[in-house]
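Novice: I have a structure I would like to understand better, so I am pasting it below and will then ask my questions one at a time.
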Amino acid sequence: DNDCDGIIDNPEVFYEKTDIVFVVDVSGSMCVYIDNLIVAISDYVFALSGSDHNFAMVIHGYDSEGSYSVLSNLTDIMTFVAAIMAQDCTDGSVEPTYDVIYDLAVPTNPLGMTWRSDATPVIVVVQDENPQTRRDIFPDDILPLAESCLLPGCDSITNEYWTDGDPLEIFVITTTMYFANYRMFVLGDGLRFFDINASSSSISVGLDLIFREICVD
């Protein structure tokens, strides 16, 4: 039951085609992680060369206004890696993680993410601080969008690998003390949470486990 919906499935088929969006905090506190993170993400997507997965990255925490932007929209591996390689930490201080997740999950698609109707959407959050909001968006606002995914690929008519009614696939790499802030809308019994401080290679380990969990390797 790799998608944690209570049904035994074939994970290699279920995740044969995915749209994976990384939501990355680039504020000052992330300076100890960001270089390893970018390298780890690049290494993993390159390991998937020849697959039909697309990748994107949304960054936040780069100013004191709670801004966020699409660093790379969903695209192929080479284009994605070229877009993210120069990303570094910043002097920013406000990390509106809840706002970003909401905007990725809501079907009105305010970020203009190029979700494919025949690909399973996946969101991977990487952050080392308490998730914040500038728009009064909180877990109970995200829950209805996550418990039954409403994105284009979450439709069995267009995506042969999707089971209608399944939750949105969300994974979180953060400090353990902040796991609880995501538990309301990060659904499923599989591995979903990873400690960013577990070891010197914690980000690589977390990505390894995530990719193994969603069966894209």
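The values are calculated or read from the model by the stated rules, or taken from the named source; none is laboratory data. Being a predicted model, the structure only gives us computed values, none of them experimental. Cβ atoms come from the backbone with ideal geometry, glycine included; neighbour counts cover every protein chain shown. These accessible areas exclude ligands, DNA and RNA; they are computed on the full protein's heavy atoms, side chains included. Shrake-Rupley method; radii C 1.70, N 1.55, O 1.52, S 1.80 Å.
Novice: Per residue of segment 167-176, in order, report the coupling 6.51 cos²θ - 1.76 cosθ + 1.60 (Karplus, θ = phi - 60°) as ³J(HN,Hα) in whole Hz, putting x for Gly and Pro.
Specialist: Values, residue by residue: x, 5, 7, 10, 10, 10, 10, 7, 6, 4 Hz.
Novice: May I ask for the net charge around ASN54, where only other residues with Cβ less than 14 Å from the Cβ of ASN54 are counted and Lys, Arg are +1 while Asp, Glu are -1?
Specialist: Numbers: positive: LYS17, ARG116; negative: GLU16, ASP19, ASP52, ASP76, ASP118.
Within the 14 Å Cβ shell, the charges total -3.
Novice: Count charges around PRO110 for me, please; just the other residues with Cβ under 12 Å from its Cβ, Lys/Arg as +1, Asp/Glu as -1.
Specialist: Net local charge, PRO110 excluded: -1.
Novice: I'd like the accessible area for SER67, computed on protein heavy atoms only with a 1.4 Å probe and all protein chains in place. Round to 10 Å², please.
Specialist: It works out to around 40 Å².
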